[in-house]
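**Q** One structure follows; several queries about it will come next.
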Amino acid sequence: MDKDLLETWLNAIAAGELTPAEALEKLADLPYQDLGFAKVDFHRKLRTGNAEVIYCPGKKPEQVAAIFQALAGQTRNVMATRANLRIYRKVKAVLSDACYFDQARIIALIRDQSRTAGKIGVISAGTADQRIAEEAAITAEILGSAVCRIYDVGVAGIHRLFSQKAVIDSCRVLIVVAGMEGALASVVGGLVDKPIIAVPTSVGYGANFKGLAPLLSMLNACASGITVVNIDNGFGAGVAAHRINLLGE
């Protein structure tokens, strides 16, 4: 349930344009709609500020499409993560305005494109980390944050990072995405006074242990002000950064 939509209905009742019975009918599925295979949480945006997001793995394409369609009737922006083209085609068949962000693996319906004044900086170490960086960036943008992308500035060529210092300083909160040894988060942490959300990725050779090595490096960073999310969790970083960003609005 979108807060603005609910407010519109309440104002319509007050103005006599909507009867209480009609309003009750509209609110029949609040707090959730039971689709049989899923209980779609329409109340989540009122509770947390963000609508339910669909996690695609483990769901049939037609199930994702049905959940997506249900959410689209109650909120302006809808998002499904870790989606593939097969799932997207099913969603597109029922919602022609849905779009697919291939690198981020996100399906989205975006009807509200308003952006915050404050910016989130998404910094990635290498090009191979960009799929997770894009998941974070697209997530934050769909939620309503302005995003600045600073990609391929890892520690192997640290001068590339330093040349972006002015852009980094203009951001309110930073997401740092890195695989291999995950050193970039600690380096950025020693340069800025912003909150940092570090995202370890599974990019790397054998001793990277599918992201465990950068996860441990980030958890043990000597720079202060760094919070770490799970391996490859660009979505979680994007949500957290957006909520921090909103505190300054």
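No lab work stands behind these numbers, since they all come straight from the coordinates. Just so we're clear, the structure is a prediction, and the values are computed from it rather than from any experiment. With ideal geometry, Cβ positions are generated from the backbone for all residues, glycine too; neighbour counts draw on all protein chains shown.
**Q** Amide H to amide H under 5 Å from residue 32: which residues, 5+ apart in sequence or cross-chain, H placed 1.01 Å off N in plane?
**A** Placed amide hydrogens put 42 under 5 Å from residue 32.
**Q** If you don't mind, another one. Evaluate the charge dipole of the chain about its Cα centre and quote only its size in Debye, nearest 20, assuming +1 on the Cβ of each Lys and Arg and -1 on the Cβ of each Asp and Glu. Mind dumping the intermediate values first?
**A** Values: 26 positive and 24 negative charges, 107 e Å.
So the dipole magnitude of the chain works out to roughly 520 debye.
**Q** Using the Kirkwood radius over Cα pairs, work out the Stokes-Einstein diffusion coefficient for the chain at 25 °C and 0.890 mPa s, in µm²/s as a whole number.
**A** My calculation gives 127 µm²/s for D.
**Q** Give, as a single signed number, the net charge of other residues whose beta carbon lies under 13 Å from the beta carbon of residue 148, with Lys and Arg counted +1 and Asp and Glu -1.
**A** Its environment carries a net charge of +4.
**Q** A follow-up question, please. Can you give me the long-range amide H partners of residue 176? Hydrogens built in the peptide plane at 1.01 Å from N, cutoff under 5 Å, separation of 5 or more residues or another chain.
**A** For residue 176, the qualifying residues are 123, 197, 198, 199.
**Q** Within a 10 angstrom radius of the beta carbon, how do 180, 218 rank from fewest other beta carbons to most?
**A** By the 10 Å Cβ count, ascending, the order reads 180, 218.
**Q** If each residue's Cβ is checked for other Cβ atoms within 10 Å, how do 37, 42 rank with the fewest at the top?
**A** By the 10 Å Cβ count, ascending, the order reads 37, 42.
**Q** Let me ask you something else. Determine how many Å³ per residue the convex hull of the Cα atoms of segment 119-246 encloses.
**A** Given the Cα convex hull of segment 119-246, per-residue volume reads 80 Å³.
**Q** What does the charge add up to near residue 245, with Lys and Arg as +1, Asp and Glu as -1, over the other residues with Cβ less than 14 Å from its Cβ?
**A** My count for the surroundings of residue 245 gives +3.
**Q** Based on DSSP H runs of at least 4 residues, each adding -39500 (n - 2.57), what is the mean residue ellipticity at 222 nm of the chain after dividing by all its residues, to the nearest 500 deg cm²/dmol?
**A** Working: 11 runs with 96 residues, N = 249.
Helices in the chain give a 222 nm mean residue ellipticity of -10500 deg cm²/dmol.
**Q** Ok, one more. With a Cα-only, solvent-free Debye model of segment 172-249, what are the log10 I(q)/I(0) values at q = 0.16 Å⁻¹?
**A** Log-scaled intensity ratios, in q order: -0.51.
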